[in-house]
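**Student:** Before I ask anything, let me first share the structure, which is written out below as structure tokens.
What follows is calculated from the coordinates using simple rules that are stated; it is not laboratory data. The model shown is predicted, which means the values in this text are computed figures rather than measured ones. Virtual Cβ from ideal backbone geometry, glycine too; neighbours counted across all protein chains shown.
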């Protein structure tokens, strides 16, 4: 009896996996058909592929990936200056950019230590407490022209779509804004295509993530 039950379970698992494999194959064919349609319309399918891959990233991960790519291009002589230097120059006249640069420097602050940065004529201290949280404070003393930076810190089967939330459009937009603030990828929109709440969710997400879903937001 035990062997019979075991065989039945094995058959069930195998058949379920075969169904899923069939659905995956059908989905791949559908994907090829969509790309072929785009290509026939004169669109660059490789560019579309890069966009699809990027939209799967969390907003913060996408920004860090861009910064790393720019740094490597600079190292290879393919860019005139490193991205952080460009950001710091922009920060000289833009408070929002200054905050963005300081946020990036938080990542280099050692555990229970601190670093200092001179930017826009001010000296900033970035310290990390015993719980690992980084804090930024302005140092109220003149910056040293000979040493603008502190020493370097120590060294990346087609299943049915889930049912959309039963909410009003305004609530959908608020949900999107919360998702953007929580660093949720834009492709996690819970509303199906054709549902007007999908666009409202996207609107809220862009506001919460300060991004258009295609790359880092431009500072106004």
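**Student:** Rounded to the nearest 0.05, what FRET efficiency is calculated for residue 30 and residue 122 with R0 set to 41 Å and r the Cβ-Cβ distance?
**Tutor:** With a Förster radius of 41 Å, E is 0.15.
**Student:** Once you order the gyration tensor axes a ≥ b ≥ c over the Cα atoms, which shape class does the stretch 169-209 get: rounded for a/c under 1.5, otherwise prolate or oblate by comparing a/b with b/c?
**Tutor:** It is oblate, given that a/c is not under 1.5 and a/b is not larger than b/c.
**Student:** Apply 1/(1 + (r/R0)^6) to the Cβ-Cβ distance of residue 67 and residue 8, taking R0 = 41 Å, and write down the FRET efficiency to the nearest 0.05.
**Tutor:** 0.15
**Student:** So how do 203, 178 line up by other beta-carbon neighbours within 10 Å, fewest first? Can you show the working numbers first?
**Tutor:** Values: 203 16, 178 13.
Neighbour counts put them in this order, fewest first: 178, 203.
**Student:** Going by how many other beta carbons lie within 10 Å of each one, how would you line up 18, 173, fewest first?
**Tutor:** Ranking 18, 173 by Cβ neighbours within 10 Å, fewest first, gives 18, 173.
**Student:** Where does each of 45-52, 6-13, 180-187 land if you order them by average Cβ count within 10 Å, highest first?
**Tutor:** Values: 45-52: 11.6, 6-13: 10.0, 180-187: 16.4.
Ranked from most to least packed, the peptides come out as 180-187, 45-52, 6-13.
**Student:** Related question: When the label point is put 7 Å from the Cα of residue 45 along its Cα-to-beta-carbon vector, which residues of the stretch 17-31 have a backbone N closer than 11 Å?
**Tutor:** Counting only backbone N, you get 31.
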